[in-house]
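First the structure, in the form of structure tokens, and then the observations on it.
The values are calculated or read from the model by the stated rules, or taken from the named source; none is laboratory data. Note that the coordinates shown come from a computational prediction; the quantities given were computed from them, not determined experimentally. Here the Cβ positions follow ideal geometry from the backbone for every residue, glycine too, while neighbour counts run over all protein chains shown.
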Amino acid sequence: MNSKRVVFLLLAIIVAGATSFLARAWLQAERQAMQAQAGMQRDGLPVMPTLQVLVARKAIRTGQIVKPDDMRWQSWPQGSLSPAYVVEGKRPLSDFVGSVARGPISAGEPITEGRMVLPGTRGFMAAVLHPGMRAVSVPITATTAVSGFIYAGDRVDVLLTHTLSGQSGQTNATETVLRNARVIAMDQKLDFSPGDKPDVAKTATLELTPKQSELVTLAVKMGDISLVLRSLQESEENTEVAADRPPSSGPDGMLVQSWPLR
């Protein structure tokens, strides 16, 4: 009786082992078959050729002057490539540095020549201006423009130094014409690259309202114009921007207050 039980247990162990081995072998064969089928399907798919297309690295605003870090090359399916897209190897990224966006460009969108105004082309300065604003140039020197340390994009105060005549004689006076005026160009340069040496320009172009343009034009005729550089940390929204009436003077021509700014 005991020997029969031993034989039965041995047979049960052998059958269980054989079943486990066969099950493992079957699962392994199925797995290999599935992997082989997936590999065949993967190898059978056509590989879409791509090209490197110039796109916006981050959102670009209307009228924004584009810098190198605003753009990048991105892989693009050749089958959906538009003739207007800029392809790496056919045109360098540097061609678009300093250009102005005609309209908003979202991050990842292709940059095309039709969406940009390139430096030196017609309408470039007009594209830089905000709606309703005007571009006005004023003469400057090294002394009146912070020794060449003012660049496009900076904010400045505009000062007028002129001579007042009265009964007691002539008196020199300096008063503030504008505050927080945006500089959009120094001579004909609208951008600044790291490493550029200070260059003393002969003219500075400011972005002004029509009324402010009249005041600055009058100030240029009245005396000497100086630009005072403002800190970049100052809030633009909380800074007075414009003057709206001519300079005031006392009975004998002496200055009594500077122009009111709004």
Quiz item: Can you name the residue in the stretch 149-170 that is touching an Asp or Glu at 6+ places or on another chain (Cβ under 8 Å), modelled with pLDDT of 85 or more and not basic (Lys, Arg) and, of all such residues, is surrounded by the fewest Cβ atoms within 10 Å (Cβ to Cβ)?
Solution: Thr161
Quiz item: Of all the residues that make up the stretch 52-75, how many are assigned to a strand (DSSP E or B) and modelled with pLDDT of 90 or more?
Solution: 11
Quiz item: Do you know which residues across the stretch 72-85 are of a type in the set (S, T, N, Q) and surrounded by 14 or more Cβ atoms within 10 Å (Cβ to Cβ)?
Solution: Gln74
Exercise. Determine, yes or no, whether Thr121 is without any contact (Cβ under 8 Å) to a residue 24 or more places away in the chain and either of a type in the set (Gly, Ala, Ser) or not in a strand (DSSP E or B) (or both).
Key: yes
Exercise. Output the number of the condition that Val146 fails; it satisfies all remaining conditions of (1) over 17 Å from Ile65 (Cα atoms); (2) modelled with pLDDT of 90 or more; (3) in contact with a strand residue (DSSP E or B) (Cβ under 9 Å, 6 or more places away or on another chain).
Key: (2)
Exercise. Scan the stretch 86-111 residue by residue and report those that are assigned to a strand (DSSP E or B) and either on the phi > 0 side of the Ramachandran plot or surrounded by 17 or more Cβ atoms within 10 Å (Cβ to Cβ) (or both).
Key: Val100, Ala101, Ile105, Pro110
Practice problem: Please give the number of the condition Ala173 fails out of (1) surrounded by fewer than 19 Cβ atoms within 10 Å (Cβ to Cβ); (2) closer than 22 Å to Thr209 by Cβ. | Solution: (2)
